Structure formats: C-alpha cells, structure tokens
Amino acid sequence: SLLAYDGSNWTSYQPDLSIDYVNGLAIDGADHKWLGTWDQGLCEFDGARWTVYTTDNSELPSNYVSDVIADHRGAIWVGAWGGLVRIEGANWTVFDEPTSGMPLESVSTFFLSPNGSLWMQADNWLCGAPVLLERAETGFHLHDVLGDAGAPNRRFESFAFDQRGGLWAGTWGGLSPP
C-alpha cells in the first residue's frame with residue numbers, strides 16, 4: 001500500500017488490487033505517485049485514481065519492478081527483470097539487450113547525481129557493479145566505475161554524493177568511500 005504522513009497521522013491509499021511488496025516509490029512533477037511492485041507491475045496514483053501497468057497492458061518487460069525514479073526532466077525510469085523502461089508522458093521506451101545492445105537482465109536500484117545523471121545497479125552484468133547511465137538521444141554511455149577501481153564488494157544497495165562530488169556506495173559488505 002501507499003502511506004502518507006502529514007506530521008501527526010498516517011493515511012493509507014490502497015489500489016484496487018492487493019500489493020504484497022512495494023520495491024520502489026517515486027513522485028513526479030505532477031505529484032503522481034509511482035509504485036514498483038514485486039510481481040504486480042507498476043502502479044500510478046494521481047491522487048484520486050489508480051492505474052496499474054503490467055505486461056498485459058503496457059511495455060513493461062516484466063511485472064517484477066525493482067525500483068522506480070523520477071528524473072530532473074520529468075521522465076519516470078522503471079527498473080524491472082528483463083530491462084529498463086523510460087516513461088515520458090504517453091511514450092514508453094524499453095531498453096534491453098535487443099533494443100539497446102546492453103545486457104540489462106535486471107535493474108535493481110536507481111539514484112540521481114547532483115548534475116542529473118542517472119546511476120543504476122544492473123544485476124548480472126559487470127558482476128553487479130553500478131553503471132553510470134547518461135541520458136542521450138543516441139543511446140547510453142556506461143561506465144564500470146567502481147568495478148575497475150577495486151571496490152571491496154560489488155553488490156551495491158545505496159548511493160550518495162558528498163559535497164565534493166565523490167560517490168559513496170553502501171554494499172552488502174560495508175561502505176565503499178570515494
């Protein structure tokens with residue numbers, strides 16, 4: 001479910017279906033809430049209505065959505081088993097190996113850098129190292145930044161930039177500083 005806290009009370013917003021597990025939550029510029037679910041696709045809540053996107057009615061590569069994020073340009077990015085999806089208004093673009101040449105078997109975690117670049121954890125690719133995904137009209141620019149730098153653990157779960165622009169990564173094996 002989706003919960004909102006107003007400073008003193010929690011309010012629950014339930015879609016028309018039972019959602020067991022919410023993996024990702026993003027809020028876009030129109031204040032729509034986007035929920036990535038474990039096996040029921042992507043849910044959008046506009047404040048009054050729910051829209052549920054699945055492999056049956058959208059271009060999602062899978063109903064297993066691992067994360068969702070809204071970028072600085074207003075696009076919604078969806079990480080799922082089977083690939084990456086960018087939603088810009090009514091336009092859906094799927095990035096998977098056949099369409100992008102990238103072996104994106106699963107995208108599990110997103111975050112935005114201060115300059116707006118989208119970083120992601122792409123599973124089963126580069127041994128789990130995060131890759132820098134730069135938004136470009138002609139494709140993606142990928143970097144195995146932490147893999148080549150000898151990070152002690154290559155399974156990343158959280159990321160943050162410090163004031164100097166250094167990337168910090170929280171891993172299953174501890175913290176990897178810049």
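The values are calculated or read from the model by the stated rules, or taken from the named source; none is laboratory data. Predicted model, so just to flag it, every value in this text is computed and none were measured. Neighbour counts are summed over all protein chains in view; Cβ atoms, including those assigned to glycine, are modelled from backbone coordinates with ideal geometry.
Which residue pairs have Cβ atoms closer than 9 Å, lie 6 or more positions apart in sequence or on different chains, and pair a first residue in region 151-173 that is of a type in the set (Val, Ile, Thr) and surrounded by 10 or more Cβ atoms within 10 Å (Cβ to Cβ) with a second residue that is part of a loop (DSSP other than H, G, I, E, B) and at pLDDT below 75?
Taking only residues 6 or more apart or on different chains, the pairs are Thr171/Ala151; Thr171/Pro152; Thr171/Asn153; Thr171/Arg154; Thr171/Arg155.
What number goes with the only condition from (1) of a type in the set (A, V, I, L, M); (2) in contact (Cβ under 8 Å) with a residue 40 or more places away in the chain; (3) touching a Ser or Thr at 6+ places or on another chain (Cβ under 8 Å) that Ile69 does not pass?
If we test Ile69 against (1) of a type in the set (A, V, I, L, M); (2) in contact (Cβ under 8 Å) with a residue 40 or more places away in the chain; (3) touching a Ser or Thr at 6+ places or on another chain (Cβ under 8 Å), just (3) comes out false.
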